[in-house]
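Chemist: What follows is a single structure, and I will ask about it in a moment.
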Amino acid sequence: MQLVKKRKGLDRVLDASDSRDYFVMTRCTDESGSKPDPQMLTDILAYTQKKVSDAVFIGDSIYDIQMATKLGMTSIAVNYGTATSAELAAQQPTYQVDTPQALAKLLCA
């Protein structure tokens with residue numbers, strides 16, 4: 001998991017939602033730099049001993065898609081977040097979906 005939050009904010013969210021155990025590793029902007037710098041992704045890949053080809057990045061901003069593209073990582077743009085569908089499409093994501101249900105269907109395909 002990678003989020004654009006400072007560690008303190010992410011820890012607060014993970015604790016409040018009791019979801020910390022769902023993630024093997026988390027990275028934040030105060031640890032790895034800001035998007036679209038792909039350092040957060042390379043840190044996670046190194047920690048999990050995975051290759052770029054083993055991973056998928058899901059994002060709702062142009063910076064998310066740019067970051068994945070810089071690494072050659074498969075990207076899925078979701079049209080229900082911060083950027084418009086057209087803004088995301090301009091970044092040429094690998095896939096683009098309109099709903100959480102469409103995302104789930106794509107991930108389970």
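Chemist: Starting from residues that are out of contact with any Lys or Arg (no Cβ under 7 Å at 6 or more places or on another chain) and over 26 Å from Thr99 (Cβ atoms), keep the ones in segment 25-44 and report whichever is surrounded by the most Cβ atoms within 10 Å (Cβ to Cβ).
Modeler: My answer is Arg27.
Chemist: Another question about this same structure. Quick check on my filter: what residues within segment 13-24 are surrounded by 11 or more Cβ atoms within 10 Å (Cβ to Cβ), farther than 22 Å from Leu106 by Cα and in contact (Cβ under 8 Å) with a residue 12 or more places away in the chain?
Modeler: Residue satisfying the conditions is Leu14 alone.
Chemist: Just to check your reading of the model, which residue among Leu107, Leu103 is touching a residue at least 24 places away in the same chain (Cβ under 8 Å), over 20 Å from Ser32 (Cβ atoms) and either surrounded by 14 or more Cβ atoms within 10 Å (Cβ to Cβ) or hydroxyl-bearing (Ser, Thr, Tyr) (or both)?
Modeler: That would be Leu103, the only listed residue that is touching a residue at least 24 places away in the same chain (Cβ under 8 Å), over 20 Å from Ser32 (Cβ atoms) and either surrounded by 14 or more Cβ atoms within 10 Å (Cβ to Cβ) or hydroxyl-bearing (Ser, Thr, Tyr) (or both).
Chemist: Could you tell me which of the residues Val56, Val78 is among the aliphatic types (A, V, I, L, M), buried (at least 18 other Cβ atoms within 10 Å of the Cβ), closer than 16 Å to Ala104 by Cβ and touching a helix residue (DSSP H, G or I) at 6+ places or on another chain (Cβ under 9 Å)?
Modeler: Only one candidate qualifies: Val78.
Values quoted throughout were computed directly from the atomic coordinates according to the rules given, and no laboratory measurement underlies them. Quantities reported herein were computed from a predicted structural model and do not represent experimental measurements. Ideal geometry is used to build each Cβ from the backbone, glycine not excepted, and the neighbour counts take in all protein chains shown.
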